[in-house]
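Presented below is the structure to which this report refers.
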Amino acid sequence: MSPIGLRTESLSVGYQDRQVIQGLDLVFPVGRSTAILGPNGCGKSTLLRALARLLKPSAGRVLLGDADLHAADTRDVARQLAILPQFPLAPDAINVGELVRRGRTPWRGLLAPWTRDDSDACTDALDAVGMTDMADRPLAELSGGQRQRAWLALVLAQRTPLLLLDEPTSHLDLAQQIEMLKLLQQRVADTGMTVVSVLHDLNLAARFSDHLVLLSPQGLIAEGAPETVVTAENLHRAFGLAARVMADPLTGRPWILPH
């Protein structure tokens, strides 16, 4: 997949009369994973929705490559950018394989025959999430972690260079969260895709992400490598949290110990 950049220019986004994001300038590193962090109500999901063209800016722009995302052709956008919302919905009784095949929609015409590329994309996506042997299982019968992997397979089958994930680890236990983040980390390394996720667990975000964006209700606190973003001062500014930040003995990444 060909890399493509994603950035914002003076982006302002909100709901009716309430501005949530104001004048935000960000560049998401190509071929890396970025985690968007911050307290509840700071605009994490709002920002992701604007990046996914689900929410129109009140000012400024989101740029996909050099094109204004919100003015681009819908099919072209869907071939460059895939999104996994926090609460995805599927028809009753759909099985895993049927769900994943829906990821090929942007690449197919209304009456287009199923192609070898379509089959390969779905096979690769199921294999990547370790669900090849579950393709015939109804989605409703799966555990929370298995369902999340099935949904991830759908967006991987879309074969876009950009992937946006809104709280992909929500409702998962700790082991499942780590499994999901390791899977994404490996996918970035193997394919060079760019992943932007909204995450809540600061320690897991610092461990598995290359780049962090830290927001607060007052705006952007910091962005950059985990070592530069996860500091005691930044945590206090964003969360009002008194904490000590140490180096993880296994990874060298920041590790937060609340006081």
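Residues to consider are Ala135, Ala205; find the one that is open to solvent by less than 20 Å² (accessible area, probe 1.4 Å), at pLDDT 95 or above and not acidic (Asp, Glu). Break it down into steps so the answer makes sense when it comes.
Details: Ala135 fails: open to solvent by less than 20 Å² (accessible area, probe 1.4 Å).
Exactly one residue qualifies, and that residue is Ala205.
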Point to revise | Output for the range 215-225, where each listed residue is at pLDDT 95 or above and not in a strand (DSSP E or B) | key: Ala225
**Study point:** Total residues in the range 226-259, condition open to solvent by 70 Å² or more (accessible area, probe 1.4 Å) and either part of a loop (DSSP other than H, G, I, E, B) or among the basic types (Lys, Arg) (or both)
**Key:** 5
Check your understanding: Of the residues in the range 208-225, how many are under 16 Å from the mean Cα position of the chain (by Cα) and either loosely packed, with under 14 Cβ neighbours inside 10 Å or of a type in the set (Ser, Thr, Tyr) (or both)?
Key -> 1
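Rundown of residues vs (1) under 16 Å from Ala157 (Cα atoms); (2) out of contact with any Ser or Thr (no Cβ under 8 Å at 6 or more places or on another chain); (3) β-branched (Val, Ile, Thr); (4) open to solvent by 60 Å² or more (accessible area, probe 1.4 Å), yes/no style:
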| site | (1), (2), (3), (4) |
| --- | --- |
| Leu51 | no, no, no, no |
| Leu54 | no, yes, no, yes |
| Gly60 | no, no, no, no |
| Leu64 | no, yes, no, no |
| Arg101 | yes, yes, no, yes |
| Gly109 | no, yes, no, no |
| Ala112 | no, yes, no, no |
| Glu141 | no, yes, no, yes |
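Can you find a residue in the range 49-66 that is over 22 Å from the mean Cα position of the chain (by Cα) and more than 17 Å from Gly5 (Cβ to Cβ)? Let's see the steps before the verdict.
Within the range 49-66, the first condition is being over 22 Å from the mean Cα position of the chain (by Cα), and the residues that meet it are 58-59.
The next check asks that each one be more than 17 Å from Gly5 (Cβ to Cβ); those that pass are 58-59.
So far as the range 49-66 goes, yes, one or more of its residues are over 22 Å from the mean Cα position of the chain (by Cα) and more than 17 Å from Gly5 (Cβ to Cβ).
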Check your understanding: If you go through the range 70-103, how many residues are part of a helix (DSSP H, G or I) and either without any contact (Cβ under 8 Å) to a residue 40 or more places away in the chain or closer than 17 Å to Arg149 by Cα (or both)?
Key -> 14
Point to revise | Single unsatisfied condition, Ile178 versus (1) open to solvent by 20 Å² or more (accessible area, probe 1.4 Å); (2) closer than 30 Å to Arg116 by Cβ; (3) in contact (Cβ under 8 Å) with a residue 12 or more places away in the chain; (4) in a helix (DSSP H, G or I) | key: (2)
Revision key, fill the gap. Leu184 passes all but one of the listed conditions (1) under 30 Å from Arg18 (Cα atoms); (2) open to solvent by less than 20 Å² (accessible area, probe 1.4 Å); (3) hydrophobic (A, V, I, L, M, F, W, C); the exception is number (1)
Exercise for review: Name the one entry in Val213, Val230 that is among the hydrophobic types (A, V, I, L, M, F, W, C) and within 20 Å of Pro161 (Cβ to Cβ).
Suggested key: Val213
Review point. Would it be correct to say that Gly240 is over 19 Å from the mean Cα position of the chain (by Cα) and small (Gly, Ala, Ser)?
Key: yes
Study note, to complete from the structure: Listed by range, strands (runs of 3 or more DSSP E) wholly within the range 1-42 having at least 2 residues that are among the hydroxyl-bearing types (Ser, Thr, Tyr) are 6-15, 33-37
**Study point:** Verdict on Leu63 being assigned to a loop (DSSP other than H, G, I, E, B) and either of a type in the set (Val, Ile, Thr) or more than 20 Å from Ala150 (Cα to Cα) (or both)
**Key:** no
Check your understanding: When you look at Ala135, is it hydrophobic (A, V, I, L, M, F, W, C), farther than 30 Å from Gly5 by Cβ and in contact with a Pro (Cβ under 8 Å, 6 or more places away or on another chain), yes or no?
Key -> no
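The values are calculated or read from the model by the stated rules, or taken from the named source; none is laboratory data. Only a predicted model underlies this, so the values are computations on that prediction, with no experimental measurement involved. Quick reminder, even Gly has a Cβ in these numbers, built from the backbone with ideal geometry, and neighbours come from all protein chains shown. In case anyone asks, the SASA skips ligands and DNA or RNA and just uses the protein heavy atoms, side chains included. Shrake-Rupley method; radii C 1.70, N 1.55, O 1.52, S 1.80 Å.
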